[in-house]
Structures are given as C-alpha cells and as structure tokens.
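A quick write-up on the structure given underneath.
The values are calculated or read from the model by the stated rules, or taken from the named source; none is laboratory data. In this text the structure is predicted, and so the values were computed from the model without any measurement. Here Cβ is always computed from backbone atoms with ideal geometry, including for glycine, and neighbour counts include all displayed protein chains.
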Amino acid sequence: MNVKDLIAAAIMAAARQAMVDGVFAETELPAVMLEVPPQKEFGDFATNFAMQLARVAKTKPRQLAEAITSCLNSRAALDKNHPDALSWLREAKIAGPGFINFYLKSDWLYDLLHFVLVQGENYGRTTTGGGEKIQVEFVSANPTGPLHVGHGRGAAVGSALVNLLRAAGYDVQAEYYINDAGNQMENLAASVNARYLEIMGVETVFPENGYHGQDIIATAQRIIDQGGAKYLELPTNERLAIFKELALTEKLALLKEDLESFGVSFDKWFSERTIHDNGAIEATCQKLKASGHIYEQDGALWLKSTAYGDDKDRVVVRDNGVPTYLAADIAYHRDKFVRGFDRLINIWGSDHHGYISRVKAAVAAMGFEPERLEVLILQMVSLYQNGELVKMSKRTGRSVTLAELIEEVGCDAARFFFIMRSIDSQLDFDLDLAKSRSNENPVYYIQYAHARINSIFRQTQEAGIKMPQLADISLNQLTSEAEVELIKKIGEYPEEIALAAKERAPHHMARYAHELAGLFHSFYNQCRIIGVEPELQAARLALVTAVQNTLRSVLGILGITAPDRM
RNA sequence: GCGCCCGUAGCUCAGGGGAUAGAGCGUCGGCCUCCGGAGCCGAAAGCGCAGGUUCGAUUCCUGCCGGGCGCACCA
C-alpha cells in the first residue's frame with residue numbers, strides 16, 4: 001500500500017503494454033525510479049523511466065513517454081493484482097526531455113496520513129531486510145583503558161545501525177569482540193605492575209609499550225586499596241598474572257558502564273580467549289593448511305592471502321609458535337559464519353582499513369563468500385573548542401574520554417553529532433555547538449519539536465478536548481502548504497529507513513529527523529491547532545500525532561531521547 | 001611509492017547520471033495582544049583542476065593538485 005510502489009507497478013504494466021503494441025522492440029525493462037520532483041509544478045512524483053528505457057529500447061524517450069502516459073491516463077493496462085493502483089492518479093504528463101510527471105488527487109495524502117495513524121508506533125518499519133541474519137560487530141576496543149571519542153563514534157554509529165537494520169526488517173545481533181588475549185594484555189599487566197610498584201615506593205622502569213593513562217594509576221591504587229602490599233612478595237610473573245586478571249575485570253566493567261551510559265548495548269560479548277582456549281585457532285589453521293592456504297616459511301606459518309587479492313601473504317603463527325592477532329581473527333570470523341549469520345558487518349576505525357583485504361582473503365580461503373563480510377570504515381574524529389582543535393596524545397595517554405564527552409555535552413547531543421555525518425567523512429566535533437542549549441543546536445531543535453507536541457496534548461487534555469475516532473476525522477481539512485509538506489515528509493519515512501539500512505548509513509536518519517522537525521516548526525508557526533474549528537482542530541491534532549510518532553520512532557533509531565518537556 | 005577516505009556557501013557538512021544543488025553555524029534584515037521565541041520568515045554566498053564516458057556529469061572513469069589515515073612475525 002505504497003503510492004510509489006503502485007505507480008511504479010502501473011508504469012511497468014504500461015511499458016509492457018507498449019512493448020506488446022510494438023511501440024518498441026522487445027527488451028528487458030529497466031527498474032522504475034520514482035522521485036519527488038524538484039519543483040511543485042512538476043507534480044507529486046516524477047520518473048526518468050522513459051529516458052532510461054530509451055537507451056535499451058532504441059526509441060526516442062518522448063515517444064516512449066507518450067505511449068506510457070496515454071496508457072496510464074486511459075487506465076488501459078491496469079495490473080490485475082492492483083485494480084485500484086491508479087485511483088489516486090489525476091494525470092501523467094510528459095515534461096522536458098522525457099520525464100513523466102504524476103499529478104495526484106489530494107486524497108492520496110489523506111489516505112497516507114490515515115495509514116500512518118493506523119500503523120501508530122510501527123509506522124516506518126519495513127520488511128525490506130527480509131529477516132536476513134546480520135551480525136554487527138562494533139567498538140571492540142581493547143580492554144586496556146577507557147573509551148575515547150573515536151570509540152564513541154563507533155559506538156553511536158554502530159548502535160544506530162543496529163536499530164536501523166532492525167527497523168528495516170533484518171534479524172540483527174550486536175556483538176563486542178573483547179581482545180582479552182595477546183600482547184596488549186601483557187602490556188596492561190606490566191603497566192599496572194609498574195604503577196603499583198611506584199606507589200609502593202619500589203623503584204621501577206615503566207614498560208616501553210605501557211599504557212600511560214591516569215586510569216592505570218587508578219587501577220593500581222584500587223588494587224592497593226583492596227590488597228595492600230601483599231602482592232609485593234610474589235614473584236614478578238605471578239604478580240603480573242594476577243594483575244592482568246584484576247585489571248581486565250575492572251577495565252571490562254568500566255567499558256560496559258561507559259557504553260551503557262551512552263545508550264549502547266550488545267547481545268553478545270565475545271572473548272578472544274575462548275578461541276585460544278578451545279583450540280579453534282589451531283583447528284582453523286589446520287583446515288587452512290590442509291586446503292593449501294597456509295604454508296610454512298622461515299619457521300612461521302603464512303596465510304596465502306595474495307591468492308585472494310591481498311598485497312602480501314600474512315603470518316598467522318609466528319616462528320615462536322604464538323599465533324598472531326590475524327590468526328585469532330580468522331578463527332573468530334569462522335566462528336561467526338558457523339553461528340549462522342548470513343552477513344557480517346564490522347565497524348572499524350580508519351586506522352584499520354589496511355586490514356580489510358587480509359581478513360576478506362582469509363574468509364575467502366575458508367570458503368565463505370567474502371561479500372558476506374562488510375567492513376565499514378569510520379573516519380577519524382577531531383574535537384573543536386573555541387574554534388580550535390583539541391589536541392590528543394596517545395603517548396601521554398591524555399585524550400578526551402567518551403565519559404568526559406558525555407559529561408560535557410550530554411548523551412543525546414554526543415550521539416547525534418557522531419551519527420549526523422557520513423561515516424566516510426572525518427568528523428569535526430564542535431563541542432561548543434553540541435553543548436549549547438539553544439536554537440543553534442540541531443539536537444535540541446529536533447527534541448524541541450517533540451516536546452512542543454507534547455505540550456499541545458497537555459493543553460488539550462487540560463481543556464478536556466477529546467480526539468475523535470480516526471474514522472470521524474476529516475483529514476482533508478489539511479490543505480495548507482505547510483500541512484501538505486509535513487504529510488509528505490512523514491510519508492517518506494519508511495523509504496528513508498529502507499534506504500539508510502540498505503546503505504548502512506544511519507546519518508540519513510539524523511538528517512531526516514532534522515527535516516521533519518523543521519517542517520513541523522514551520523507548520524506550527526503558520527497553523528494554529530488548539531481553538532480553531534473543531535473539524536480542523538481534530539485534523540491538525542491527528543497530523544501532530546503522526547509527527548510525534550514519527551519523531552519518536554526516528555529518535556529511537558538514533559538512540560536519542562524524545563523528551564516530553566525541556 | 002602503494003592502498004583507503006575526503007575536497008560542494010566564510011565555517012562544518014548533506015545530496016547526487018537528469019528539469020532552479022540543500023541544511024546547520026556565521027553575516028545581514030524582518031516576526032511574540034496568539035498552542036513553548038530552544039521557534040518562524042527573508043537575503044547574500046558554492047560543486048579543487050584537467051581530460052574522458054553519456055542525449056545529459058557537480059554525481060561515473062582517468063590523471064593532477066590539496067588534506068586525513070594506513071602500509072608488522074602490534075593489535
């Protein structure tokens with residue numbers, strides 16, 4: 001019951017009819033692309049179908065458009081399955097080089113709004129995902145310190161993408177891969193150990209690759225608070241082993257806390273250790289060896305990733321017998337596929353993009369179609385304050401943490417700012433703008449629309465104004481341009497979801513939310529709601545209800561609150 | 001050197017094979033006897049350069065020039 005789908009189907013039917021009638025030679029018909037034309041004079045919808053068809057049909061576009069429009073206007077080739085497909089059509093006209101513009105009876109808007117209101121909270125959800133099982137793995141930051149703003153972008157975008165895909169009818173699982181094995185764990189233990197010794201007054205050298213963050217000192221201090229000096233007597237390696245576990249447990253808990261307070265949750269936390277411990281890495285390597293994708297050289301085992309487009313082959317087991325990170329990742333990805341996901345989406349920082357080709361090569365070597373693994377690369381984040389770049393340094397461990405950012409600008413603003421840009425663009429995060437509680441701030445602009453609507457309903461309630469049954473509301477009272485524009489924008493919501501999900505691009509939803517809020521504010525300024533003629537009042541209240549439902553829904557996808565008052 | 005991302009308004013960014021390229025911030029000018037002025041209305045201002053494909057390119061391709069990020073038996 002989508003106007004565009006119905007029109008598109010009718011166009012196809014008309015085109016087939018024209019083909020049968022010999023207007024053009026038999027050929028495969030292109031897909032129908034319907035769009036909202038750039039100018040009102042061009043009608044409610046337009047298509048370049050005739051021009052697209054011209055290419056394959058080897059016939060002049062206007063001639064094809066002529067055949068199609070006359071067929072449509074005379075209702076000569078109606079789809080038997082949709083006998084009322086053209087009930088909204090007033091006229092199809094040819095324009096320019098061969099565009100077909102559709103002028104609809106205004107009923108289509110009211111039918112649309114009616115549909116939206118009937119759908120209620122479910123409005124916008126689509127089934128375009130077809131229940132495809134997708135796993136989205138994101139953040140997956142090492143549990144060696146607090147999350148910083150870069151992780152924040154991954155967390156916000158990832159969780160929004162999960163929400164978006166679910167709204168579009170995909171079966172989604174959100175997963176976090178915990179890198180709790182390998183060198184960085186040793187570094188963590190050594191760093192905590194050094195801080196521990198320092199605080200205890202024992203002279204020590206801070207490890208070369210250690211973590212310099214303040215949080216490591218805090219971890220050491222906490223160990224002292226709980227266990228005092230008792231670890232001093234232990235041999236170093238035993239102390240390191242204990243510190244490793246204590247630190248890991250603490251860091252992991254902090255990660256979960258940070259993410260939770262950022263509105264991000266995972267269905268599964270996958271521990272890298274499990275695939276080390278249960279022999280999965282070894283088994284995977286064996287398989288790849290048996291299939292000839294792994295060979296031995298210079299005492300190490302190499303994945304022949306060049307066979308699948310990588311620049312060079314990669315070591316999976318070092319000459320000292322210790323598997324590399326890649327080995328674990330290969331086993332991990334195998335595990336994901338074995339778990340039955342149709343598709344895997346990994347969200348990585350741009351500094352990892354060079355890693356894509358080798359993992360895809362490994363996936364291919366294991367016999368899985370590499371297209372089933374999608375890696376989304378997230379460009380970097382820069383913070384700006386007072387118009388100046390906020391410097392960050394990994395070496396000194398002095399960088400802005402996600403927790404600090406949330407403290408500074410709030411969860412909603414932080415999420416919105418992270419999501420609102422395409423992931424392909426580097427993000428200049430304007431702290432002052434995000435922080436401002438004024439009209440400058442797009443987050444508040446959107447939330448304000450929702451709060452305003454709530455305020456309207458508070459007043460109708462106080463005044464004892466009752467909403468009539470939907471069937472008794474004359475939606476065709478809504479005739480002003482502001483009202484029409486608003487209904488149209490609401491009507492676009494399902495396809496916005498479908499498109500954003502297909503493109504894995506949640507920033508479309510941020511933009512949509514802003515546009516919808518804008519049209520609402522504009523409408524609100526032009527059209528009085530409470531106190532006008534009862535029929536018009538009812539219709540406007542219905543419209544406002546639809547706006548509110550849609551705003552709440554899109555804010556839900558963004559993971560941003562929809563406040564009743566601000 | 002090679003690979004990935006980005007060059008669109010003064011700034012930050014959307015968009016995208018088609019009919020007059022959008023938004024926020026900033027600048028300038030208007031709007032509260034009226035449902036929340038955290039709002040509305042208006043103005044100035046733009047597709048890095050050069051080729052190519054196409055009926056049509058800001059969009060696709062190639063090269064160049066700028067900026068970012070990578071190029072480990074680290075993760």
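Summary of values
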item: Strands (runs of 3 or more DSSP E) contained in region A:289-375 and holding at least 2 residues over 26 Å from A:Ser422 (Cβ atoms); result: A:294-297, A:300-303, A:314-317
item: Qualifying residue in region A:299-318 (condition: under 29 Å from A:Tyr170 (Cβ atoms), modelled with pLDDT of 95 or more and more than 8 Å from RNA strand B (Cβ to nearest atom)); result: no
item: Region A:135-185, residues that are part of a helix (DSSP H, G or I) and among the β-branched types (Val, Ile, Thr); result: A:Val149, A:Val157, A:Val162
item: Criterion: in contact (Cβ under 8 Å) with a residue 40 or more places away in the chain and surrounded by fewer than 18 Cβ atoms within 10 Å (Cβ to Cβ) - qualifying residue of A:Tyr103, A:Tyr110; result: A:Tyr103
item: Of the criteria (1) in a helix (DSSP H, G or I); (2) touching an Asp or Glu at 6+ places or on another chain (Cβ under 7 Å); (3) surrounded by fewer than 22 Cβ atoms within 10 Å (Cβ to Cβ), which one A:Leu543 fails; result: (3)
item: Only listed residue being within 11 Å of RNA strand B (Cβ to nearest atom) and either in contact (Cβ under 8 Å) with a residue 40 or more places away in the chain or under 29 Å from A:Val162 (Cα atoms) (or both), chosen from A:Ile345, A:Ile356, A:Ile330; result: A:Ile356
item: Hits in region A:33-55 - residues which are near RNA strand B (Cβ under 8 Å from one of its atoms) and assigned to a helix (DSSP H, G or I); result: A:Glu41, A:Phe42, A:Met51, A:Gln52, A:Ala54, A:Arg55
item: Check on A:Arg565, near RNA strand B (Cβ under 8 Å from one of its atoms), outside the structural domain of A:Gln461 (by TED's automatic domain parsing) and not acidic (Asp, Glu); result: yes
item: Condition met for A:Asp21 (in contact (Cβ under 8 Å) with a residue 12 or more places away in the chain and in contact with a strand residue (DSSP E or B) (Cβ under 7 Å, 6 or more places away or on another chain)); result: no
item: Residue in region A:118-133 that is part of a loop (DSSP other than H, G, I, E, B), surrounded by fewer than 15 Cβ atoms within 10 Å (Cβ to Cβ) and either of a type outside the set (Gly, Ala, Ser) or within 16 Å of RNA strand B (Cβ to nearest atom) (or both) present; result: yes
item: Region A:262-297, subset touching a Cys at 6+ places or on another chain (Cβ under 7 Å) and within 24 Å of A:Ala403 (Cβ to Cβ), residue surrounded by the most Cβ atoms within 10 Å (Cβ to Cβ); result: A:Phe262
item: Residues located in region A:58-87, provided they are aliphatic (A, V, I, L, M) and modelled with pLDDT of 90 or more; result: A:Leu64, A:Ala65, A:Ala67, A:Ile68, A:Leu72
item: Unmet requirement for A:Val317, which otherwise passes all of (1) surrounded by 13 or more Cβ atoms within 10 Å (Cβ to Cβ); (2) out of contact with any Ser or Thr (no Cβ under 9 Å at 6 or more places or on another chain); result: (2)
item: Residues of region A:1-32 satisfying the condition of being assigned to a loop (DSSP other than H, G, I, E, B), closer than 30 Å to A:Val118 by Cβ and out of contact with any Pro (no Cβ under 9 Å at 6 or more places or on another chain); result: A:Met1, A:Ala31, A:Val32
item: Pairs where the first residue, in region A:78-100, is more than 9 Å from RNA strand B (Cβ to nearest atom) and the second is modelled with pLDDT of 90 or more and part of a loop (DSSP other than H, G, I, E, B), C-beta under 6 Å, 6+ apart; result: A:Trp88/A:Lys105; A:Arg90/A:Lys105
item: Leading residue by the ranking (surrounded by the most Cβ atoms within 10 Å (Cβ to Cβ)) among those in region A:53-68 that are under 15 Å from A:Arg16 (Cβ atoms) and under 41 Å from the mean Cα position of the chain (by Cα); result: A:Ile68
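Let's see how each residue does on (1) in a helix (DSSP H, G or I); (2) more than 7 Å from RNA strand B (Cβ to nearest atom); (3) crowded, with 16+ Cβ neighbours inside 10 Å; (4) without any contact (Cβ under 8 Å) to a residue 12 or more places away in the chain:
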position: A:Asp412; (1), (2), (3), (4): yes, yes, yes, no
position: A:Phe416; (1), (2), (3), (4): yes, yes, yes, no
position: A:Arg421; (1), (2), (3), (4): no, no, yes, no
position: A:Ser425; (1), (2), (3), (4): no, no, no, no
position: A:Arg437; (1), (2), (3), (4): no, no, no, yes
position: A:Tyr444; (1), (2), (3), (4): yes, no, yes, no
position: A:Tyr448; (1), (2), (3), (4): yes, no, yes, no
position: A:Ser455; (1), (2), (3), (4): yes, no, no, no
position: A:Ala471; (1), (2), (3), (4): yes, yes, no, yes
